[in-house]
Amino acid sequence: MSLDEKAWQDIRLRIVAAAKAAHRDPGSIRVIAVSKSFPVQALQTAYAMGQRAFGENYVQEARPKIAALSGLPGIEWHLIGPLQSNKAGAAAQSFSWVETIDRHEIARRLSTARDVHLPPLNVCIQVNISGESSKHGVIPSMALALAREVGKLPGLALRGFMGIAQTADEGAQVRAQFHLLRELYDAGRREGLALDTLSMGMSSDFELAIAEGATQLRIGSALFGPRGSATTTRIDHSMTQR
């Protein structure tokens, strides 16, 4: 078993254990492999191990990867970084998901730019659940109002909410932030919004996110290793052995 395969197997085992502890079906939880800054070869390795959904932070960095891997059946691209208005057109054409809508204008631009011959663009409302000024997202008190407006736009399919918890040693604090996002999700469903996605949890905190109902995890370093030349070398070397 290669180092790559072991990392992915370990993550799967941890997801199963966390889901069982929360009395949840592990099959209800998807992994978005955060592939930003990693080369195409790393994504090919992940794809060969069964991964299909990949998360990128930057439209310009992602587009060459999307083109290079366009022939792989079932591959799915998620934009998980903040989206600038002038990149909305490119994002609408290149991605299957945009998880970082935090204002109506971005959603409107995506709606206008989405090709009518493509399926609706799946979108999530990003909520600033940590309250940190360094993080993007609509404030929690405005999240449902934004969701209602985005849900009316043609060419978009509102799927749910996305959030990033504060990096903290205290697990209770992190879990409370995930719980806030879960409450918004539940409130939206009670209103009749067709929500099915709660995107939260990363390499350092995904077990806490699973306990609070996450349906999508955004995991990067725990799968690919730390970003940098050492990781790239390891992954490329494993490709030469396949």
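Normalising the average separation of contacting C-alpha pairs (under 8 angstrom, six or more residues apart) by the number of residues puts the relative contact order of segment 3-240 at 21 percent. So how far apart, in nm, are the two label points at SER37 and ALA194 if each is 7 Å from Cα heading toward Cβ? Taking the two extended label points, one gets 3.8 nm. Building the convex hull from the alpha-carbon atoms of the chain and averaging its projection over directions returns 13.2 nm². Across segment 192-201, rounded Karplus estimates of 3J(HN,Hα) from the backbone phi angles (6.51 cos²θ - 1.76 cosθ + 1.60, θ = phi - 60°) give x, 5, 7, 9, 9, 10, 10, 9, 7, x Hz, Gly and Pro being marked x.
Beyond 22 Å between alpha-carbons counts as too far, so tell me which of LYS65/LYS87; LYS87/LYS135; LYS6/LYS65 fall in that bin.
Values: LYS65/LYS87 17 Å; LYS87/LYS135 19 Å; LYS6/LYS65 24 Å.
Exceeds cut-off: LYS6/LYS65.
Segment THR112..ALA17, full-extension length gain: 29.9 nm, with 0.36 nm per residue of separation and the alpha-carbon distance subtracted. Among ILE101, ILE66, ILE15, a tally of other beta-carbon atoms within 10 Å of each Cβ gives an order, fewest to most, of ILE66, ILE15, ILE101.
Note on ASP169 and GLN60: the model spin-label points, each 7 Å out from Cα along the C-beta direction, lie 3.9 nm apart. Neighbour counts of C-beta atoms inside 10 Å place VAL98, VAL116 in the sequence VAL116, VAL98, starting with the fewest.
Residue by residue, segment 48-59 carries 3J(HN,Hα) couplings of 4, 8, x, 6, 10, 9, 10, x, 10, 8, 10, 4 Hz when phi is fed to the Karplus relation 6.51 cos²θ - 1.76 cosθ + 1.60 (θ = phi - 60°); x denotes Gly or Pro.
Readers should treat all values here as calculations from the given coordinates under stated rules, not as data from a laboratory. Worth saying up front: this structure is predicted, and the values here are computed from it rather than measured. Note that we place each Cβ from the backbone using ideal geometry, even for glycine, and neighbour counts take in every protein chain shown.
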